[in-house]
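Laboratory data are not the source of any read-out in this text; all were calculated from the coordinates shown. All of these numbers come straight from a predicted model, not from anything done at the bench. Counting neighbours? That spans all protein chains shown, and the Cβs are built from the backbone with ideal geometry, glycine included.
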Amino acid sequence: MKRVCFLSFFALLLVFSSCKNTVNLTIQDPPAVFLEKSYVTAGVVNRSFAKGAGKVVDVIDNALTLEGNLDNVGSEAATQGMFDELTTNQRFEYVAKLDSIAVENRAGDVFPAPMEWSEVTRLCEENGVQILFVLEVYDTDTKVDYDMRMVNQTTPLGTVQVPRHTATAITRVTTGWRLYDPANKLIRDEFFVKDRIRNTGSGINPAKAASVLMNRGQAVKQISGQVGRFYAGRVRSQSFRVSRMYFKSGSQNLKIGHRRALVGDWNGSADAWRKDVDSPKRKVAGRACHNMAIDAEINGDIKGALEWAQKAYTDYRIKESRDYARILRNRVLRWEQAQKLKEIDDNNN
């Protein structure tokens with residue numbers, strides 16, 4: 001009986017999955033942080049270092065968490081990554097990397113008090129920049145798991161059991177960023193980025209296994225540079241690769257549209273699907289409306305895609321279209337907000 005139920009479930013799953021297909025496409029979202037087009041110069045500052053009592057706490061924390069000099073190395077890599085991204089980003093005409101700034105009583109992965117506006121203004125004027133991208137928080141925290149077990153090893157004398165020591169180091173990297181706008185005395189952005197690095201080493205003795213800890217520096221530098229570049233990208237439009245599901249069966253037109261999609265003829269697919277949007281069969285009409293939403297998004301018509309997805313769900317109860325409509329609605333709201341900010345900027349200029 002259980003075997004019959006399992007086979008029935010598998011058959012239903014196969015039928016259900018066979019009616020869908022996935023397409024990958026690149027979409028573009030507006031910048032996460034809007035800057036007026038008049039902002040064409042920027043400065044990069046590393047403000048994650050501690051001094052005074054905070055420096056003492058930092059030294060103790062580094063010793064206890066096996067960090068060594070990782071915070072210094074990693075924070076420099078993060079600001080360098082941000083600088084590199086900003087200089088290659090056509091958004092700015094000039095980018096300057098300023099000297100690092102130490103903060104009194106900086107506490108781990110918590111934002112320090114913001115810089116005084118008089119200090120921000122002075123730095124901008126002295127370096128010929130309009131805004132400051134500042135790394136305010138940089139903290140690494142490492143946890144080590146250790147394991148020892150006996151394993152079989154083939155030797156000239158036969159198979160023998162030998163000890164295998166394994167050390168796994170998980171390093172959490174936390175960065176906090178601010179974007180200062182002195183002209184408006186406004187912090188345009190305050191954003192945390194967190195990531196993790198996993199290193200594993202093994203050997204016949206604990207020292208060999210623990211040698212993995214010596215290799216963390218390069219990994220920390222690499223991931224910190226990537227984080228810096230990621231944050232710098234928040235001021236420009238973002239491109240993403242996403243997957244979208246469409247229906248490939250249910251009617252002859254849906255099948256024709258699917259075959260045309262497989263060869264990249266999306267206009268031909270839309271022509272076939274459009275014939276079924278008013279089909280007397282509710283499921284066919286709903287699937288056709290959902291597919292028309294996919295076609296609209298591929299062509300950059302996000303509002304049109306939203307209307308089709310909403311119709312597929314509200315009129316025909318295509319449940320996949322509900323989540324798709326939510327995704328599209330969020331995209332429309334982001335672009336509408338970006339457009340409003342651009343119009344304000346255009347009117348001010």
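Other residues whose C-beta falls under 12 angstrom from the C-beta of GLN222 contribute a net charge of +2, scoring Lys and Arg +1 and Asp and Glu -1. Sequence-distant contacts, meaning Cα pairs under 8 Å at least 6 residues apart, place the relative contact order of region 177-336 at 11 percent. For region 245-348, the share of alpha carbon pairs falling in successive 10 Å distance bins from zero is 17, 43, 25, 10, 5, 0 percent.
Relative contact order for region 122-261: 19 percent, from Cα pairs under 8 Å spaced at least 6 residues apart, divided by residue count. Each other residue within a Cβ distance under 11 Å of LEU123 adds +1 if Lys or Arg and -1 if Asp or Glu, for a net charge of -3. Based on the alpha-carbon gyration tensor of region 106-179 and its eigenvalue square roots a ≥ b ≥ c, which shape applies: rounded if a/c is under 1.5, prolate if not and a/b is larger than b/c, or oblate? Prolate, since a/c reaches 1.5 and a/b exceeds b/c.
Under the criterion of Cα pairs below 8 Å and six or more residues apart, the relative contact order for region 245-348 equals 18 percent.
Close amide H pairs (under 5 Å, H built 1.01 Å from N) link LYS20 with LYS248, residues at least 5 positions away or on another chain. Summing charges over neighbours of PRO30, with a neighbour being any other residue whose Cβ is under 12 Å away from its Cβ, gives +4 when K and R count +1 and D and E count -1.
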